[in-house]
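The values are calculated or read from the model by the stated rules, or taken from the named source; none is laboratory data. Fair warning: this is a prediction, and the values are worked out from it, not measured in the lab. Using ideal geometry, Cβ is built from the backbone for each residue, glycine included, and neighbour counts are taken over all protein chains shown. Surface accessibility is based on the protein's heavy atoms, side chains included, excluding ligands, DNA and RNA. Shrake-Rupley method; radii C 1.70, N 1.55, O 1.52, S 1.80 Å.
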Amino acid sequence: GAARLLVVGGGFGGATAASYARREHPWLDVTLVEQRRSYITCPYSNRVLAGDLALADITFGYEGLRARGVRVVHDRAVHLDPVARRLRLGGGETLSYDRVILSPGIVLRYDALEGYDEAASARMPHAWTAADGAQITLLRRQLQAMPDGGVVGLVIPPNPYRCPPGPYERISLIASYLSKHKPRSKILALDAKEAFSKQALFQDAWQALYPGMIEWVSAANDGRVVRVDPEDMVLETEFGTRHRVSVANVIPPQSAAAIAIDAGLADSTGWVPVDPRTLESRAAAGVHVVGDAMFPGSMPKSGFLANSEAKAAVSAAAALLRGEAPPEPIFVNTCYSHIGPEYAISVANIFRVDEESRSFAEVPNSGGTSPRGDLPEQRRLEALYADGWYASIIRSMFG
Ligand code: FAD
C-alpha cells in the first residue's frame, strides 16, 4: 500500500505538515491525530484580550484538511512506540506508520514556580496555551471586572519559551484596552530576563502610546518572581518583594508536550533535540519533531517557524520514504507584534543548517527588526502585513 505518514498534533506545525504532505506528495497516506475538534490560535489571542477580535475569529476546524484527503482522528495520542512504529490512542485504537511527525506543542511546568499549579491558573490565568479558549476568556473577564486604578501584574519566564515577543505584545494590548476603559490603571511586568525581543521598539511605543502606564522590571532589578499566592493575589520576587495585584497573568516555564517526553525524546533541557537537516529526533529513528516541542537552538519558538519546520520535515520524510537524500532545508521566521490596533512591529530571520555544529544557524544579515523612530505610517502598514500573514498561514494550515 501507500507509505503511511502519521502526524500528531493539529496546530501550527501539525496542521501544516498534514496539509502540505497532501498538496506536495499526494502519494502519501496521511493521518492526523488531534485531541480537539477545533483549534484556537495563540497568535492574535492578545487581540481578543484587548477586545479587538472575538474568540470565534481565531477558531478553526479540520474540514479543510479532510477535504484534502487527510484522515483526521480526534483522539489523544497516549503512547508512541518508535521501535514497532506504532501509536496508541486514548480511545484504544493503535495506528501503524512508516514515518511520524510530532508537533504536540508545550506543557506548562507546574513544578517550576512555587504556588503556581493548574488550580492556581483558575485565579491567575496563564492564557499561554489557547486550548479551549477558557484561559483567554478568563483573563479578559478579569480585566473587564477590574476597577479603574487597578494593577495588572505579569510574570514572564526565562528563555526558552513559546513566542519570545508574546508577553510584550500582551502588555501592549492590555495597555491598549486599559487606556480606553480604565486609564488610571497600571501594568507591572515582572521579568526573569534582563532584556527581551524588540525591546527598544516596544519601549519607545509604550512611551508614545501609553505614557506612565507600564512598569517593566528586569531580573537585575528584582523582577524574577519565585513564588505566587493566588489567595492573596501576591507575586513574590527572588529578593522577597511582595507585589499585590488586582489581576495576575502568570506565564510559567514550559517544556515539550507529554507525548514527546513520555516517548523518551526530550533531553535534560525538557525539549527534543533533532537532526536539523531532517528534523528527525536524535533519540528515535522515523520520528520527526517540529514546532515548540523541539529544541531549536538559536531559533525562536513561533508559529511561523513551526510552519516552516513542518514543510522541511515533510520534504525530508517523503525523500527518505522514497530512498532519496533529503533536500537542504531553509527556515524562515517573521514575528509581528501588535502594540495597538493599527500599530505593529516585526522581527524577521532566516536560518540554515550549520553542518559543522549540526545545529540551526541564523544566516548573517538575513533579517532584522522594524526601524526605530516616529513612523506612524510604517506601524500602520505593519499591522496590515500582520493581518495578511495571519490569513495566509491559516490557509496553509486549514485551507
Ligand atoms: P501547537 O500550536 O500548540 O499545537 C499542538 C497541538 O497538538 C494542539 O492542537 C494540541 O491539542 C495537540 N496535542 C498535544 N498533545 C497531544 C496528544 N497527546 N494527542 C493529540 N493531540 C495532542 N507565533 C507566531 O509565529 N506569531 C505570533 O504572532 C505569535 N503570537 C503568539 C501569541 C501568544 C500569546 C502565544 C502564547 C504564542 C504566540 N505564537 C506566535 C507562538 C505560537 O502559538 C506557537 O509557536 C505555535 O502554536 C507552535 O505550534 P506547535 O504545532 O508546536 O504547537
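The table for this structure:
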quantity: Single residue of segment 247-306 satisfying the filter (among the β-branched types (Val, Ile, Thr) and touching a His at 6+ places or on another chain (Cβ under 7 Å)) that is nearest to MET397 (Cα to Cα); calculated: THR278
quantity: Residue that is farthest from the ligand (Cβ to nearest atom) [pool: residues in segment 1-19 that are closer than 21 Å to PRO82 by Cα, open to solvent by less than 60 Å² (accessible area, probe 1.4 Å) and not in a loop (DSSP other than H, G, I, E, B)]; calculated: LEU5
quantity: Options GLU309, GLU342; residue that is within 20 Å of the chain's Cα centre (by Cα) and among the acidic types (Asp, Glu); calculated: GLU309
quantity: Count of segment 344-392 residues which are within 16 Å of the ligand (Cβ to nearest atom) and not in a strand (DSSP E or B); calculated: 14
quantity: Every residue from segment 208-243 that is basic (Lys, Arg) and either in a loop (DSSP other than H, G, I, E, B) or surrounded by 14 or more Cβ atoms within 10 Å (Cβ to Cβ) (or both); calculated: ARG224, ARG227
quantity: Any chance VAL83 is touching a Gly at 6+ places or on another chain (Cβ under 6 Å), farther than 25 Å from TYR168 by Cα and of a type in the set (A, V, I, L, M); calculated: no
quantity: Qualifying residue in segment 4-19 (condition: out of contact with any Asp or Glu (no Cβ under 7 Å at 6 or more places or on another chain) and basic (Lys, Arg)); calculated: no
quantity: Pair list, Cβ < 7 Å and 6+ apart or interchain, from segment 35-50 residues that are in contact (Cβ under 8 Å) with a residue 24 or more places away in the chain to residues that are acidic (Asp, Glu); calculated: GLN35/ASP75; ASN46/GLU169
quantity: Complete set of residues in segment 180-207 that are surrounded by fewer than 14 Cβ atoms within 10 Å (Cβ to Cβ) and either without any contact (Cβ under 8 Å) to a residue 60 or more places away in the chain or of a type in the set (Asp, Glu) (or both); calculated: LYS180, HIS181, PRO183, ARG184, GLU194, ALA195, GLN207
quantity: Subset of segment 285-317 (residues that are open to solvent by 10 Å² or more (accessible area, probe 1.4 Å) and away from the ligand (no atom under 12 Å from the Cβ)); calculated: ALA285, PHE295, GLY297, SER298, LYS311, ALA312, SER315
quantity: Residue identified as more than 11 Å from the ligand (Cβ to nearest atom), in contact with a helix residue (DSSP H, G or I) (Cβ under 9 Å, 6 or more places away or on another chain) and under 30 Å from PRO273 (Cβ atoms) among ARG22, ARG109, ARG68; calculated: ARG22
